[in-house]
Structure formats: C-alpha cells, structure tokens
Amino acid sequence: MNKLMTTAIAGVAFGLTAFTANAATLDDVKAKGFVQCGISQGLPGFSNPDSDGNWVGLDVDVCRAVAAAIFGDSEAVKYTPLSSKERFTALQSGEVDVLSRNTTWTMTRDANLGLNFAGVNYYDGQGFMVRKSLGVASTLELSGAAVCTQTGTTTELNIADYFLENGMEYEVVAFEKAAEVVAAYDAGRCDVYSTDASGLYANRLRLTNPDEHMVLPEIISKEPLGPVVRQGDDQWFNIVRWSLNAMINAEEMGITSANIDSKMGGKNPGVQRFLGETGTFGEMIGVPSDWAVNIVKQVGNYGESFDKHVGPDTPLAIARGVNALWSKGGILYAAPIR
Amino acid sequence: MSSPQNSFSLRKIVYDPKIRGLFFQTILFALLLYFFYSIITNTVENLQSRGIPIGFGFLDNASGFPVSFKLISYITSDSNAKLILVGLLNTLFVAVLGIITATILGLIFGVMRLSKNSIISAIATVYIEVLRNIPLLVQILLLYYGVLKTLPLAKDSLSFLGIFFANIKGISVPTISFGSAETPFIISIIVALIIMVALRLWSRKRQEKTGQQFPATKIGFAILIGLPLLILIASGWPVEVSIPELGRFSLKGGMTISPEFIALYLALSIYTSAFIAETVRAGIMSVSHGQTEASDSLGLPRNKTLNLIIIPQALRVIIPPLTSQYLNLTKNSSLAVAIGYTDLFASAGGVLNITGQALELIAITMTFYLLFSLLTSMFMNWYNSRIKLVER
Amino acid sequence: MSEYFIRSTMLDAKQAPKSNVGIVGWLQKNVFSSPLNIILTVVGLFVSYMTIKALADFVFFNAVFDATNGQECRPADGEPGGACWSFIQVFFKQYVYGRYPTEELWRPDIVFILGAALLIPLLIPKAPFKAVNSFLFFVIYPFLTLILLSGGDFVITGFFIPFIDLFGKTQGNFIFELSIVTALICAAIYFFGKSVGEDMKSTMLSIVVVAVIIAVIGLMLSSNFGLEVIETDIWGGFLVTLVVAITGIVLSLPIGIILALGRQSKLPVIKFLCVVFIEFWRGVPLITILFMAQNMIPLFLPEGGEAVDNLLRALIGVTLFASAYMAEVVRGGLQALPKGQYEGAQSLGLTYWQMMVKIILPQALKHVIPGIVNTFIGLFKDTTLVYIVGIFDLLGTVKATIENPEWIFPLQAMTGYVFVAFVFFIFCFGMSRYSIFMERHLHTGHSR
C-alpha cells in the first residue's frame, strides 16, 4: 500500500484522527516489510549511488546487514538520504529506523539527543592534507594557514580546538559539499585540507595533481563512526548492534560469503553458534536463527565489505590501518556471540 | 411555514451583509484557532515524548564554531548567540552591497539594451537572458570556481601601490582605526548626514517659494567630508593605518575580503541586475517621447530633462518591481551556505548541527529574514508613495 | 520671352549614399557612429570573444567524449582540461529519472509524453478545444500522474469522524463517513432553508455532487491498478524537478487567487489573515521554508501517526511559497481592472462570487498570464533548492553522482554544473520567450 497520501489526509484532519499507539520498531519494520535507513547524500565509498542508481558503500552495508538479519533479504531496505543538518531530527521523528551516515559517536549526541550509538563500523580521525611544495612536516607549523573543510561535521570544531590549544592562528573556510571543499583547496584557496582521514583519501583523486599533495602524520581527533538508533527500544538497538558485530565476528572466524556454505555442519563450536546450528541467539534478539548466515551470504563479512567499497583495490585505496581486526594490529573488536 | 413576521426577521438577519461577514469571519477565525491549538499541542507532546528540550538556553553556550569572514570580533569561545549575530551581520553586509551593485549594473544593462548600437544592445540582451534563466545556486557555484581560477596564488599576489593586495585568499585592503576619536568620528558623520538632508529640504522649500536655487548637494558633501575631518584634527589626529603585508601563508594586517564573499556578492549582484535591467528598460520605455520633446521645447538642459522629467516618471513604474527584486536578493543570500560564506542561515545551521535545537533556530532565522523584508518593503512603500503621481 | 522649364518625367531615384546602405552603412549607423560607440563596440566584441572562447574550449575543444572512468577524464599534466561528457552520459538515465526502476520507466515516459501532448496545444493560442484541454491538463492529468508515478493504492480509510471504524480501515469506511457527513450537511441546509422560507434544493444538489466527486477521487486513488508502488525516495533527477515545479504552480494558482481575493476583501479579519499569510511566506527565503517543512511538519502532526513523505513535505513548502507569490501576481491583475467593471457587475445584481467568476477573474487572469509564466520560471529554477532537504532533483542527482568513486576527476563538479546550467537555460529561456510572445499576443486585445 502507498503511504504518500495517508498522512496528507491525516494532516488535514489533525487532532481528529484516532491513531494507533506507537509500536516497537521491530514490529513496525516487520509490518512494513523493510528497514528505513538514513544514509548520507553521497560520500564516496560509504554511501553513494552507483551507475545503476543503487546505493552502495560501507554505511549502506550496515543497513543491508540489518535487513538480512530480520528478513533474510538484504534488499529489504529503503534509503533516506539525509543532510548532516537533518539527520538527527529524521531519526528522532521516526522517519528512519536506523541512521548509518558516517556519524561520529560523541557524548552529546549519545546522551542529549535521545539517541544510542549501536557500535562503530569505521574508526576515523581527522587529518590534514597539504601541498608538498609548502615544505611543512607537521601540523604544528601551520600557524596562519587557511583550512578548507566541510560544514555540519565535528571537523570544524576539532580544528578550532586544535589550533587554539597550540596557540596558532588559522582561517577556516567550510563548504556544504566535499566537491566544493576539494575544488577550493585544489585552486589554492586554502593551504590545508582537513577532514576525516578516510575523506582525505577518498577525495585525493579530485585534485589536479594528486602526487603533489601529502597527508600530515598527525591525527587530531577520534572519530568513531557508527550506526545510530533511537533511545528506549532495546530490542531494536540489539538487532543493529549484533548485525554489525556479526559482520566483524565473521571476519575474525574466517567466514566469508564464498566459504560460508562449506562451514555449515562443522565442528567449531563458535562457528556453530554463529551459524545458528546451536543455541538460540537469533531468538534472543527477535530474528530468525539463520540471521548471521544471511548477513554473511548477502552482505559479506566486514573485511569483504571494506575491500569492496573503500579497500586498496578501489579507487579510494584506503588501507585497513586501525580498522583492521584487533588480532591483526587494528582496534576492531566485536563482543563474542556466546 | 412559520409566521411571516418571524421568517421576515430571520431573512433579514441571514441576508444582512454585515452579519454574514461577521459569521464567516468568526468561523474562519475559530478554525484557525483550532488549527494553531492542535499543531501547538501536538508539537509540545511530540517534543516531550522524543525527549527534546525546548528553550533558548543553548544560545548562551560557547559555540566553538570558527568563522573566517566576520565584521565584528568573534572567537570560538563566544556564545552561540554571538555566532548568529555574526551571521546576521554578514547577511546584511552582502545584501546591502549586493543591492547597491545590482542597481548600478541593472541600470547600465537596462540602458545598454535600449542602445542604438546593435552590438551593445545584443550583448546586453545575451547577458540578461542567460543570467535570468539559470538557477542562482548553479551560478554561485560556477562563479566561485571562476573567481578562484582568476585570482593569483598567495605567493604571486597582485599588489596595488603596495597597500592593496589581491590573491586567491582574498583582497586585502588597509584598515583605518581612529583610536580615541572613534565615537566622535562616527557621531560627526551621522550629524553631517542629518545636516545634508535638512539642507536639501530647506533649499527645495526656498526654491518653491522664491525660485532661487541653492547648491545644496555641493555644500552637503563639503560638510560630510569637512566635519569628520575637523573632529579628527581637533582630537590630535589619532589615525592609525594597518597595511597588509605578505606572511608565510597569507597576508597579515589590514582587512581581507574573502573570495567566498566576493563570489556570493558578484553572483547575487549579477543575477539580480539582470532582472533589474528589465525593470529599468520597462520604466524608461513607459515614458513617452513627447515628454522629452516637451521638456526640450521648454528649454530645459539635458540633465534637467533627465532628472526632473524622465527619471521621476520612470521611477513610478520601476519602484514596485524593484522592491521585490531587493527582497529577493536578500533572501537569496541564504544560498551562501553552498560556498562557505557564513551568513545567517549558515551560522544558524552550524548551531543547529551542534545543539540539535531545530525549532528555536528555525524561528530565529525566519524572524530575522522577515524583519528585514518588512523593513525594506516599508521603506520602499514609503518612498513609492512619496514619488507617486498625485492624481485628481 | 521668358524661358521656363517644366519637368515632364521623373528623374531616376539615386542610390542612397554608400555610408547609409549595406553592411558598411549599417556598421556606421549602428556600431561606429561616435567615438564612444567605437570604444564600446571594441570592448564589447573583445569581452564576447573571451567569454565564448573560454566556454567553447571547456565544452568542445578540451572536452573528453569517450572515457570509461574518471581516470581517463583527467587532463594531461599542464593541460587546462575541459568537460568530460562521458560522465554525464553514464549517469544520464539517473539525471532524467533518478533511481526509478528500469522496468517501470514506461510510467514516467507516459507522464512526460502525455504532459507534452496536452501542454503544447494549450500553449498555442489558436488551437481548438481549450476548455476540454485545460480540464484534461489541470484536473485529470495531475491525478493520472500521481497514480502512474507512485503506483496508486493509497490508504484512504475515512477521517471525518473520530472513533468510527464500522468497516475497519477500508475504503468502505471512507465512503460511509463521507455519506454521513454529506447527509448531515444537507439536513442542516434543508432545515435552515425551511426556517428562512427559501428553496435550497440547488444548494443541496451541488453539495451532493461535490461529495460524489470526492468519493470518486478517493476511490480512484485508493484502488489497486496492479501497478508496483514506487516510493518517492527513489524518484529523482529531472522527473522530480518537474513534479515539484508543476505541483507548485498547479496548486498555487487556486490558492493564490483566493488569497488575492481575500486581500482585496472588505472583511477585516479575512483581509488581515491573507495579508499576514502572503507577507510571511514572501518574506522568508525558500531555503528556510523547505527546512521548516522538513523539520516541523512531523512535529505538528499527532504523535504516532505515519511520517509524512519527504517529497510531500517539500511540496507543501514550495506550494506555500509559490501561493504567496501567485497571490501578488493575481492582485496586480485585479488592480489593473478599472473600477467600472466591478460597479457594472454589481449594478447587474450579481453576487460577489458571480461577479468574480464571471466578470473580474477572467479579465484579471488574462492580464497576468505573463506574470504567471514568470512565476513559474522562478519556481522552476528554485526547485534546485529542494536538494537542501535531501530530495534529489536534477542538481541534487548530479551532486550525488559526483560522489561516485569510479568517476572522480578534477573537473567533475564543473562538468556537472555546466550541464545543469545548460538544461535549465534551455527550459527557462523557452518559457520566457513564450511569456513574451503571450504578452504581445494578449496586448492586442487591450490596446485602444
């Protein structure tokens, strides 16, 4: 059924209509048959439309994993592209069920906005890019520089804090869209281009001569990016958190979309629990027992998703770095399914 | 049927236009009250259930939000309210400058389009048609790239007389500060302006009475320059000039006008000038040629013909659409957010992003735009009624 | 004897002086008539040359036409580079339809073709069947478009009376409630008519007709035509640009007329409300209106209701904005009419609505057709702002595809914006020419 009109009419009637009480998010989602997922309006590798017009990316895969866990169908997602200004309102108002939009987990957002962060799907940090010809080796030499960055993110605030802390002068020029930021930096409007390190790599290719630029070693902030849900619905919170955890755990156990069928019926108790062959883990969070199988089969494990969208073989060529598993030198660590 | 008398009085009431009007207005008013009542109660309930606090307390918190182009001193530890004030002043600044430039450009291109030189009129036509038919947002973005391409890099700054500099980081101009004499200096300018206006009114009255003319404009300007100068000399010339000089990354000292401002200002002025040009053309064409001939035959010199005969009549046609163009320009300045000029909308957006107080910030933004619009249209309406042709 | 001479034959006409005819003459008269003119001409030609050259270089001479990814669009070292049209070509389908599913593209296609087929005869003043044509275009076509594009099957369950749920949440409930409300209104009118001693049959009949029309529309919208439901979040590109602009203009015209009439009204409350409404929506930027619609409409609705569709919210914002502008355009037309028209109508004993519908509005609206077209051009360009609230119109779709990692190259954004500028220019220029044509066409009727 089509919902475009329902509320137009309800809107006319305003208080007159008797509405059904607000159900739990999972029931809502099951009733409508898809997950409504808030994503960015375009961030290379995280969520961007491909040439067929489908949304793809690391953030999009979180939405798909949630849908795969609930419905066994990773395509049962509808995407709402949100600007940074409207993302929290959209989640608060129930317009989206989950927000997976390169959103930094901060205390204010977690505690004050009525939201909960369900985990971290990308550890980022703010970095700086400069021209090699400038002869700068450290961010501490940047006093007096003009910095280009994007608005509506925490990056502007981080720059202000960092320069203030180190007693340096600066000028910030902030744009709505990454394309404009990079164009301005490329033209020489700014001496420094600053955004999350992932963004620095992602947008390097926009520069006229990418080889003439370098990323400075300092990372000035912690930017754990992750999916967000509304406060007060623990079941839904669990589904989103464990869908993400399942992707990370799968990589740790070496389960991939290619080999998952061969892992079935194996002897490893951890893998058996993961595949739903033992235990009632799906039931605990209100989804089918083969929830994790569906996630890995249809979306892939975290490593696969990373390689596909942002990894070294993509034009973005982002190294795993801190986003490698904890066992491989990174900090990616998911609680066990047990 | 009921008794004729009864029905007669009821009919009288029903068909009385006054009572009818009252009846429909009351119904409309009641519906409206109900509408507002229900959306307000709904909003309050919604906000409560979503745990979103309402209130303007967040305005006092430190913003932490850096702004590159500002007219008043502002640092990141200043309050959110001050950040919004910075944005508001930026909006007013670009709007006022844009309005002036757009009017001048519009006048030039409007006259050019009427030129007898076909190449000139063709250029004006292309200018007007192209600019009117492309969305302003696209123009701002393209023009910004254009501005960045045109200005030289910081290390090859263009300099003029060694005190004005232009490079991709902006145009730097020297600033003058008056130290202790600042307040008296500003007051003297205001006083001089008041004297100018008074002088003009007086001279006009005198001319109407006696026919004698008085060079009010020339003397007015002399006062405008002389009075502040006198104040400065009297207070011992405390003038300090800050001249920009080339630092490691960019120019230091003086005042730098950012390329974002330049691009926005140019885009707004050029876009609006295309509309104003059409307005001006229509205005000039509306004055019949007979007026010029009649004025010539009275022996009025050319500039008096223009000032006293043509322009006053053209203005009657021009002013109303011009007002809405001015308002459009002001409102369109909210597109600044696309190219990183911190105007009212952008600064409120910055605060919104940090605090999440959508309701309050939308209200603040709308109120300021509305105030500015209403003030502008009040002024223009007043001016319009002043120059209106008095009909019998 | 005096000699005299009478010419018996006319002399052959002499050639005009060389300086007055041909190219030379034209040049001298128009271009080089005075030193100032010569300077203006030279400067003008130079500026035009530079502009055209820069544009042609970017669009043709330095452009790339056969790239398969962003890397191939990258200009060689030291080259200025130009547009990369392959980028536009790859995403062209998205620029027209957004992410509308490929197998359903026939639906927007029908909407485009039907719209053009209905609109073109409407625009030609001499084409016949104007009344039928307008009815089709302004009444039937919007509903058809709505059903075709979204798939119909709307939830309409009745909303007049709270807590009555006789037929469950079905269309039956809607019809049931509608008939109850209609019956109540008719009864009230009947008793009112009886007490005043008036025959109210015609009034009652018209109310029943309106109710039937509402019922038919409701049933039509809520029936399932077997079309797949396509949610608005995957609409995009030029399709959305058109939907927003046309909805804005079609809805704002009637609202604008009512507001304009209200502003002229002698009833103080109505006049005041209309003035406040018009000045408020005209006084704030469209960006803030859209932003408000996006954030506030969900708050205004009762808790627990369905979220209002994102596109619908933007449409509400755009309509409010456009109505206020339209009201002022219509007011201009009303004011242009001589007072005699009003007085004439009143002296014939016409009621207020008869006077407006039969005498005033037809004349006033004819006056302001160019103004309406100009408002439409403005609205069409302003649709680019819906991008701010997360709706992918043409500009928004271009901006989103700029983020595609396969196609990143330095002049990508520039290419996209030039493309958008070109598309808008074609449409807006066409419309503005049409408006000028109509202005001349209509003018003949009024010149005395």
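The values are calculated or read from the model by the stated rules, or taken from the named source; none is laboratory data. Because the structure is predicted, anything quoted here is derived from the model rather than measured. All Cβ positions, even for glycine, are placed from backbone atoms using ideal geometry, and neighbour counts span all protein chains on display. Note: areas computed on protein heavy atoms with side chains; ligands, DNA, RNA excluded. Shrake-Rupley method; radii C 1.70, N 1.55, O 1.52, S 1.80 Å.
Just a few scattered comments:
- The contact between chain B and chain C removes approximately 5100 Å² from the accessible area (both sides summed; 1.4 Å probe; ligands, DNA and RNA excluded).
- The alpha carbons of chain A stretch over 60, 59, 39 Å along the principal axes, in descending order.
- Protein accessible surface hidden between A and C, which excludes ligands and nucleic acids, total in Å², probe 1.4 Å: 4900 Å²
- Total accessible surface hidden between B and A, rounded to 100 Å², 1.4 Å probe: 3100 Å²
- The tail of the calculated P(r) for the range C:254-353, taken as Cα-Cα distances beyond 21 Å, holds 48 percent of the pairs.
- The residues of the range C:265-286 listed by number as losing at least 20 Å² of accessible area in the complex, against the isolated chain and with a 1.4 Å probe, are C:Leu267, C:Val269, C:Ile270, C:Leu273, C:Glu279, C:Phe280, C:Arg282, C:Gly283, C:Val284, C:Pro285.
- The calculated 222 nm mean residue ellipticity attributable to helices in the protein assembly as shown amounts to -18500 deg cm²/dmol, summing -39500 (n - 2.57) over DSSP H runs of n ≥ 4 and dividing by all residues.
- Positions from the range B:113-140 whose accessible area shrinks by 30 Å² or more when the full protein complex is built, not the chain alone, probe 1.4 Å: B:Asn117, B:Ser118, B:Ile119, B:Ile120, B:Ile123, B:Glu129, B:Arg132, B:Asn133, B:Ile134, B:Pro135, B:Leu137, B:Val138
- Measure of compaction for the range B:185-307 (Cα Rg per 2.2 N^0.38 Å): 1.67
- Volume per residue of the convex hull around the Cα atoms, evaluated for the range C:200-239, comes out as 100 Å³.
- Summed over the residues of the protein assembly as shown and divided among them, the accessible surface reaches 47 Å² per residue at a probe radius of 1.4 Å.
- Karplus-derived 3J(HN,Hα) values for the range A:318-323, using 6.51 cos²θ - 1.76 cosθ + 1.60 with θ = phi - 60°, are 8, 6, 5, x, 5, 8 Hz; glycine and proline are entered as x.
- Once backbone amide H atoms are built at 1.01 Å from N, A:Val35 has A:Val77, A:Lys78 as its partners under 5 Å, excluding neighbours fewer than 5 places away on the same chain.
- Between the range A:163-192 and the range B:245-298, the C-alpha centres lie 30 angstrom from each other.
- Mean separation of Cα pairs under 8 Å and 6 or more residues apart, divided by the residue count, gives chain B a relative contact order of 22 percent.
- Atom-type composition of the exposed protein surface of chain A places 52 percent of the accessible area on carbon and sulfur (1.4 angstrom probe).
- Cα gyration tensor, the protein assembly as shown - rounded (a/c under 1.5), prolate or oblate: oblate
- Rg/Rh (Cα only; Kirkwood hydrodynamic radius) as it applies to chain B: 1.07
- Percentage relative contact order, chain A, counting C-alpha pairs under 8 Å, at least six apart: 21 percent
- Sequence-distant residues sharing a close amide H with A:Gln150 (under 5 Å, placed H): A:Phe175
- C:Glu3/C:Leu123 FRET efficiency (R0 56 Å; Cβ-Cβ; nearest 0.05): 0.20
- Carbon-plus-sulfur accessible fraction, chain B (probe radius 1.4 Å, protein heavy atoms only): 69%.
- Among beta bridges from DSSP that stay inside the protein assembly as shown, the antiparallel ones total about 65%.
- B:Ile243 long-range amide H proximity, modeled H, under 5 Å: B:Gly254
- Each part reduced to its alpha carbon centroid, the range C:370-448 and the range B:311-375 end up 22 Å apart.
- Value of Rg to Rh for the range C:174-216 (Rh from inverse mean 1/r over Cα pairs, i.e. Kirkwood): 1.03
- Percent RCO, i.e. relative contact order, over the range A:242-338, from Cα pairs under 8 Å lying at least 6 residues apart: 31 percent
- Across the range C:379-396, computed HN-Hα scalar couplings (Karplus, 6.51 cos²θ - 1.76 cosθ + 1.60, θ = phi - 60°) run 5, 4, 6, 5, 4, 4, 7, 4, 4, 4, 9, x, 10, 9, 7, 4, 4, x Hz from first to last residue, x flagging Gly and Pro.
- Comparing B:Gly98, A:Thr108, B:Val191 along the charge dipole axis of the protein assembly as shown, the residue lying farthest to the positive side is B:Val191, per the Cβ-charge model.
- Estimated Rh, the range A:126-221: Kirkwood, alpha-carbon pairs, angstrom: 12.9 Å
- Taking the 1.4 Å solvent-accessible surface of the range C:291-448 as the whole, the part contributed by carbon and sulfur is 64%.
- Alpha carbon convex hull of chain C, projected area averaged over orientations, nm²: 40.2 nm²
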